[in-house]
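Reviewing the structure listed below.
The values are calculated or read from the model by the stated rules, or taken from the named source; none is laboratory data. What you see is a predicted model, and the numbers here were worked out from it, not measured in a lab. Methodologically, a virtual Cβ is constructed for each residue, glycine included, from the backbone with ideal geometry; neighbour enumeration extends over all protein chains shown. With ligands, DNA and RNA removed, areas are computed over all heavy atoms of the protein, side chains included. Shrake-Rupley method; radii C 1.70, N 1.55, O 1.52, S 1.80 Å.
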Amino acid sequence: MPPPNGYSTAMESERLLLVTGGSRGIGAATALRAAAHGYFVCVNSRRSFEAAASVVDGIRDRGGDGIPVQADVGREKDVTRLFNAIDALPGNLVGVVNNAGTLAPAARLENMNSDRWNSILTTNLIGTMYCTREGIRRMSRRFGGIGGAIVNVSSAASRTGSPNEYVDYAASKGAIDSLTIGVAREVAQDGIRVNAVRPGFIRTAIHAEGGDPLRVERLEGALPMGRGGEPDEVAAAILWLLSDDASYVTGSFIDMAGGL
Ligand code: NAP
């Protein structure tokens, strides 16, 4: 299947990287930084192809390259289509950044309903599992791949539990932590490293999605470092975990929450 809209300039030697939820925030910063490190980046977004395409345009403006792919990581058929688009590219998939994530407005558990739980767990946990599975099938030396790295974007919430706000979101991230450890050990001898970053209070649109657009500004003063974080600070850690500089690191976490 040809990549859409003329985004098809990858070469045989290309190192392909998938960034889910790459249309904005931490994912977009990661995609841009990855392109600067020489990766050909598959930029995924859920709602609009155009949002992912504008990130790819930004990559191209800086001399890199990539393709945009619209897909909901919580839908298995979409994930199949997403990886089919990657399979159609020359080069080798060498990395997956499971960044796509969502939350819902702050609430106590007794006031939550199953719709929000299904939405949060389907994107954050099941989506991560779909993309991890497909990444392993392509990168594992067990299946003829050349090895690679997976970085999961967890959250400081997995450690704090986010009481009175987002315990469902926190639980989905706790599950990602367990998944990171288990899969890392499962594929450790197959040439794949699996790690996670655990950001907290990063300036992105996710807080507006949770009904609290000024959340970082409201709470950053209480953090040990006294400030929120920037998406590119998280992207730097993700790129390090993807790189050969982290060659002996697997099943590990980088906490990035200003000392929280
Ligand atoms: P963001 O700005 O809201 O970006 C979220 C991205 O994920 C968007 O590109 C969104 O695309 C995509 N997405 C959501 N659901 C998706 C799905 N089902 N399939 C594919 N893409 C999907 O949020 P962010 O802050 O950068 O968050 C990135 C990751 O960091 C998330 O996993 C989040 O939980 C984690 N995190 C963030 C913070 C923080 O303070 N910002 C702290 C801890 C952890 P659409 O717009 O198309 O839906």
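A few comments on the model shown:
- Number of residues in the range 59-85 that are away from the ligand (no atom under 14 Å from the Cβ) and either among the charged types (D, E, K, R) or open to solvent by less than 10 Å² (accessible area, probe 1.4 Å) (or both) equals 7.
- Residues that are at positive phi and within 16 Å of the ligand (Cβ to nearest atom) within the range 241-260 comprise GLY258, GLY259, listed in sequence order.
- Pick from the range 208-231, criterion open to solvent by less than 50 Å² (accessible area, probe 1.4 Å) and among the acidic types (Asp, Glu), ranking: farthest from ARG198 (Cα to Cα): ASP212
- Among the residues of the range 1-45, those identified as part of a loop (DSSP other than H, G, I, E, B), farther than 16 Å from ASN84 by Cβ and modelled with pLDDT of 95 or more are GLY21, GLY22, SER23, ARG24, HIS37, GLY38, TYR39.
- Whichever residue in the range 232-257 is touching a residue at least 24 places away in the same chain (Cβ under 8 Å), of a type outside the set (Gly, Ala, Ser) and out of contact with any helix residue (DSSP H, G or I) (no Cβ under 8 Å at 6 or more places or on another chain) and, among such residues, is least open to solvent (accessible area, probe 1.4 Å): LEU241
- Taking the criterion of being assigned to a loop (DSSP other than H, G, I, E, B), within 12 Å of the ligand (Cβ to nearest atom) and either more than 20 Å from TYR169 (Cβ to Cβ) or touching a residue at least 24 places away in the same chain (Cβ under 8 Å) (or both), the residues of the range 206-231 that qualify are GLY210, ASP212, LEU223, GLY228, GLU230.
- Among the residues making up the range 141-181, those that are more than 17 Å from TRP117 (Cα to Cα) and surrounded by fewer than 19 Cβ atoms within 10 Å (Cβ to Cβ) are ARG141, ARG142, PHE143, GLY144, ILE146, GLY147, ARG159, THR160, ASP177, SER178, ILE181.
- Residue list for the range 32-58, filter: of a type in the set (Lys, Arg) and within 12 Å of the ligand (Cβ to nearest atom): ARG46, ARG47
- Number of the condition not met by THR122 [criteria: (1) more than 14 Å from the ligand (Cβ to nearest atom); (2) β-branched (Val, Ile, Thr); (3) surrounded by fewer than 21 Cβ atoms within 10 Å (Cβ to Cβ)]: (1)
- Filtered by the rule that a residue be buried (at least 18 other Cβ atoms within 10 Å of the Cβ) and either at positive phi or away from the ligand (no atom under 13 Å from the Cβ) (or both), the range 182-205 gives VAL183, ALA184, VAL187, ILE192, ARG193, VAL194, ASN195, PHE201.
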